[in-house]
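A.B. asks: Let me give you the structure first, and then I'll get to my questions.
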Amino acid sequence: MPVALPLLEQVLPVLTEAEACEVPFQGLDTLWLQLTGTLCNLACRHCFISCGPHDDRVPVMSLSRIEALLAEAEELGVKEYYLTGGEPMLHPAFFDVLERVLKQGPTTVLTNGLLIDEVAAGRFRSLFERAAYSLDVRVSLDGMTAAENDVVRGRGTFARIVAGIHALSRAGLSPVLTVVEHSAGLAAEAARQRFLAFARSLGLKQPRVKFLPLVRIGRGARHTGRQGAEEAVREPVPAEGMASLQCSNSRLATEQDVRVCPILLDAPHARLGQTLREAHRPVRLRWASCATCVYEGLSCRT
Amino acid sequence: MPHLRRYAVFGGVYSNHLALEAVLKDAARRGAEAVYCLGDLGGFGPHPDRVFPILLDHGVHVLQGNYDYAIGHGLPDCGCGYTDPRDNHYARLSYNYTRARTSERWWPYLRSLPPLIRTEWAGQRVLMAHGSPRRVNEFLWESTSPDAFLRRLLRDHQADVLLVSHSGLPWQRRLPGEQGGLVVNVGAIGRPANDGRTEVWYALLTVDTEVRAELVPVAYDEERLAHEMRQEGLPQEFVETILTGWWTTCLEILPPRERSRGRF
């Protein structure tokens, strides 16, 4: 197995400013809030930002920071919001934050599902019904069996995630199941069909499944034994392809700064400023992980 | 007292020539002095060629939807961009049928349609688009189009009133705040609005000192359409939608809020 690069090295740009394609910025449609920074109750082997239970290198967001970002987002006419982490439900005021964001626009929560019990599912349901805009919940599940899932998400997690999905289902919600193609068997079209059938078997009436390619940075790089360093976007990207890239109309905000995208949370050169306005400018495809978006069509959006 | 004027605006004909005739009749009865169509003339329904003479005979102002662009240019698919394989399957059936049955003589017409229509009503700048003014295939759903975003669209595209279609579900919103603004998704007349009713919806705009919109349901002979669809070998799932008012395909595009209101 190849030796993994240290984390910092993995997120350094592989191209210079001059070498990399520029992605024009079309305005801020999607705002990602890194609600709990890198704090997570799991330490998945494929995590591209290497989150974990003791990881506070990116801090939890304060309510004042969230308010400031939302005020700016309102002025900029943001279309949709995503709450992510780490595990966003670990935020001490998670449901208050969710309710607040939903007043402003449609919101998707990306969760591992571990904290979804009957009470939490009921709160999601209540917000789903009451909010002015659409609420979506995305639960990560990396296999249809404990053996397939637990090898990456941790021992015993399959049963707990499925319990969370059941709770949502009983509350009348149909979460999106997010599956990372961490093994060859999950990357095929047939796997998608099997997963949809599996989602139905969990009681989801309107099942949706989102497959995500592996991003070869962070712990994900170690998991696959592959480094992104040999990959880079060296050819010009056609205008149509540019427009479908997340970085053309989306940004990630943390407690401390605003970044190019959720994948480049750790990349020092991906910091665009502290405010959304400062980040309202073109970026360049300098990182190895950019190849995943350009060539494999990765979009973190649902 | 300013003169009161009425305009009818509809979208998503989807080859439903029977609904098209019913809507035009309804609009005339209600005194619409001009009629606008926000594109997507084909797809889903039978005999795509039948809608063109109707639109031309009635002097309907038509703009270009993504389907019209694709058929007019002979593209290999509708560019709907579904990811669900089931949705893609039905989208392909629908597109292949429509492409094969749209006479070549109508292709230049489809290509010639404008992407946007601008006009002025009661001093208000009115902008009509298929999906959104910035992208022909952008969906503007009620639950995923926040006020701030709609305000931005109006600002960026110099409009006070924005009329769109593409998503197939009608809604309207008058934007709060100083800038104001009215956004109307006129829905689609080609198939029901996933509400368990067989009627289809269009928008009637009333203009005096301001612009107001009313979303109007229209009944038509859906049994006859279903019969024609069966005769043309169109999928039973499409026929079911026409007869029940519930969408059976292409559901993945619906936001969770809108989808939860449907049967599937």
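A.B. asks: Cβ-Cβ under 8 Å, sequence separation 6+ or interchain: first residue in region A:84-95 and touching a residue at least 12 places away in the same chain (Cβ under 8 Å), partner surrounded by fewer than 22 Cβ atoms within 10 Å (Cβ to Cβ) and polar (S, T, N, Q). Which pairs?
C.D. replies: So the pair list comes out as A:Glu87/A:Asn41; A:Leu90/A:Asn41.
A.B. asks: Among the residues of region B:34-79, which ones are under 21 Å from B:Leu18 (Cβ atoms) and aromatic (Phe, Trp, Tyr)?
C.D. replies: B:Tyr36, B:Phe44, B:Phe52, B:Tyr67
A.B. asks: Can you tell me which residue within region B:240-255, out of those that are in a helix (DSSP H, G or I) and crowded, with 19+ Cβ neighbours inside 10 Å, is nearest to the other protein chains (Cβ to nearest Cβ)?
C.D. replies: B:Thr241
A.B. asks: Additional query: Considering only residues that are among the polar types (S, T, N, Q) and closer than 27 Å to A:Ala288 by Cβ, look in region A:27-67 and name the one that is nearest to the other protein chains (Cβ to nearest Cβ).
C.D. replies: Looking at residues that are among the polar types (S, T, N, Q) and closer than 27 Å to A:Ala288 by Cβ, I get A:Thr30.
A.B. asks: Could you tell me whether B:Val183 is surrounded by 21 or more Cβ atoms within 10 Å (Cβ to Cβ) and β-branched (Val, Ile, Thr)?
C.D. replies: So B:Val183 passes the test.
A.B. asks: Residue check: is B:Phe44 of a type in the set (A, V, I, L, M, F, W, C), within 27 Å of B:Ala226 (Cβ to Cβ) and touching a strand residue (DSSP E or B) at 6+ places or on another chain (Cβ under 6 Å)?
C.D. replies: So B:Phe44 does not fit the description; no.
A.B. asks: Continuing with the same structure: Name the residue that is farthest from A:Lys103 (Cα to Cα), counting only residues in region B:135-152 that are without any contact (Cβ under 8 Å) to a residue 24 or more places away in the chain and more than 17 Å from the chain's Cα centre (by Cα).
C.D. replies: B:Arg152
A.B. asks: Only one of these conditions is not met by A:Val14: (1) under 25 Å from A:His269 (Cβ atoms); (2) in contact with a Leu (Cβ under 7 Å, 6 or more places away or on another chain); (3) of a type in the set (Val, Ile, Thr). Which number is it?
C.D. replies: It fails just one condition, (2).
A.B. asks: Here's something else I'd like to know. Please list, ordered by first then second residue, the pairs with beta carbon atoms under 7 Å, 6 or more apart or interchain, first in region A:170-183 and more than 13 Å from chain B (Cβ to nearest Cβ), second part of a helix (DSSP H, G or I) and modelled with pLDDT of 95 or more.
C.D. replies: A:Arg170/A:Ala121
A.B. asks: Another question about this same structure. In contact with a Gly (Cβ under 6 Å, 6 or more places away or on another chain) and surrounded by fewer than 17 Cβ atoms within 10 Å (Cβ to Cβ): which single residue out of B:Gly196, B:Gly177 fits that description?
C.D. replies: Checking each option against the conditions leaves just B:Gly196.
A.B. asks: Which residue, of A:Val233, A:Val260, is of a type outside the set (S, T, N, Q), under 21 Å from A:Leu214 (Cα atoms) and without any contact (Cβ under 8 Å) to a residue 60 or more places away in the chain?
C.D. replies: Selected residue: A:Val260, the only one of A:Val233, A:Val260 that is of a type outside the set (S, T, N, Q), under 21 Å from A:Leu214 (Cα atoms) and without any contact (Cβ under 8 Å) to a residue 60 or more places away in the chain.
A.B. asks: Are any residues in region A:68-118 surrounded by fewer than 23 Cβ atoms within 10 Å (Cβ to Cβ), small (Gly, Ala, Ser) and either closer than 23 Å to A:Gly164 by Cα or at the interface with chain B (Cβ under 9 Å from one of its Cβ atoms) (or both), and if so, which ones?
C.D. replies: A:Gly77, A:Ala93
A.B. asks: Taking interchain pairs and intrachain pairs at least six residues apart, which have beta carbon atoms under 8 angstrom, with the first residue in region B:73-96 and surrounded by fewer than 18 Cβ atoms within 10 Å (Cβ to Cβ) and the second β-branched (Val, Ile, Thr)?
C.D. replies: Within 8 Å, the pairs are B:Arg86/B:Thr249; B:Asp87/B:Thr249; B:Asp87/B:Ile253.
A.B. asks: Okay, moving on. Counting only residues that are under 21 Å from A:Leu39 (Cβ atoms) and at pLDDT 95 or above, give me the helices (runs of 4 or more DSSP H) lying completely in region A:77-184 with at least 2 of them.
C.D. replies: A:94-102, A:118-130, A:157-170
A.B. asks: Output the number of the condition that A:Ala73 fails; it satisfies all remaining conditions of (1) part of a loop (DSSP other than H, G, I, E, B); (2) at pLDDT 95 or above.
C.D. replies: Looking at each condition in turn, A:Ala73 falls short on (1).
A.B. asks: Further, regarding this structure: Which of the residues that make up region A:185-231 are in contact with a strand residue (DSSP E or B) (Cβ under 7 Å, 6 or more places away or on another chain), modelled with pLDDT of 85 or more and part of a helix (DSSP H, G or I)?
C.D. replies: A:Phe195, A:Leu196, A:Ala199
A.B. asks: Continuing with the same structure: Cβ-Cβ below 8 Å, separation at least six or inter-chain, first residue in region A:52-81 and touching a residue at least 24 places away in the same chain (Cβ under 8 Å) and over 13 Å from A:Thr275 (Cβ atoms), second in a helix (DSSP H, G or I) and of a type in the set (Gly, Ala, Ser): which pairs?
C.D. replies: These pairs meet every condition: A:Glu74/B:Ala148; A:Gly77/B:Ala148; A:Val78/B:Ala148; A:Tyr81/A:Ala73.
A.B. asks: Give me the pairs, please: first residue somewhere in region B:191-205 and closer than 11 Å to B:Tyr220 by Cα, second residue anywhere and of a type in the set (Lys, Arg), beta-carbon distance under 9 Å, and either six or more positions apart or on two chains.
C.D. replies: Here the result reads B:Val200/B:Arg191, each pair linking region B:191-205 to a residue that is of a type in the set (Lys, Arg).
A.B. asks: If A:Leu28 passes every condition in (1) in contact (Cβ under 8 Å) with a residue 12 or more places away in the chain; (2) outside any loop (DSSP other than H, G, I, E, B) but one, which one does it miss?
C.D. replies: Failing condition for A:Leu28: (2).
A.B. asks: Next question. Just to be sure before I move on: is B:Glu258 touching a Phe, Trp or Tyr at 6+ places or on another chain (Cβ under 7 Å), part of a loop (DSSP other than H, G, I, E, B), touching a residue at least 12 places away in the same chain (Cβ under 8 Å) and not small (Gly, Ala, Ser) in the structure I sent?
C.D. replies: When the stated conditions are applied, B:Glu258 does not pass them.
A.B. asks: Could you tell me whether any residue of region B:172-184 is within 19 Å of B:Gly43 (Cβ to Cβ), under 19 Å from the mean Cα position of the chain (by Cα) and aliphatic (A, V, I, L, M)?
C.D. replies: No, region B:172-184 contains no residue that is within 19 Å of B:Gly43 (Cβ to Cβ), under 19 Å from the mean Cα position of the chain (by Cα) and aliphatic (A, V, I, L, M).
A.B. asks: Within region B:151-213, considering only strands (runs of 3 or more DSSP E) that don't extend past its boundaries, which have at least 3 residues that are aromatic (Phe, Trp, Tyr) and at pLDDT 95 or above?
C.D. replies: Result: empty, no element qualifies.
The values are calculated or read from the model by the stated rules, or taken from the named source; none is laboratory data. Everything quoted here is computed from the prediction, not taken from an experiment. Positions of Cβ are backbone-derived with ideal geometry, glycine not excepted, and every protein chain shown enters the neighbour counts.
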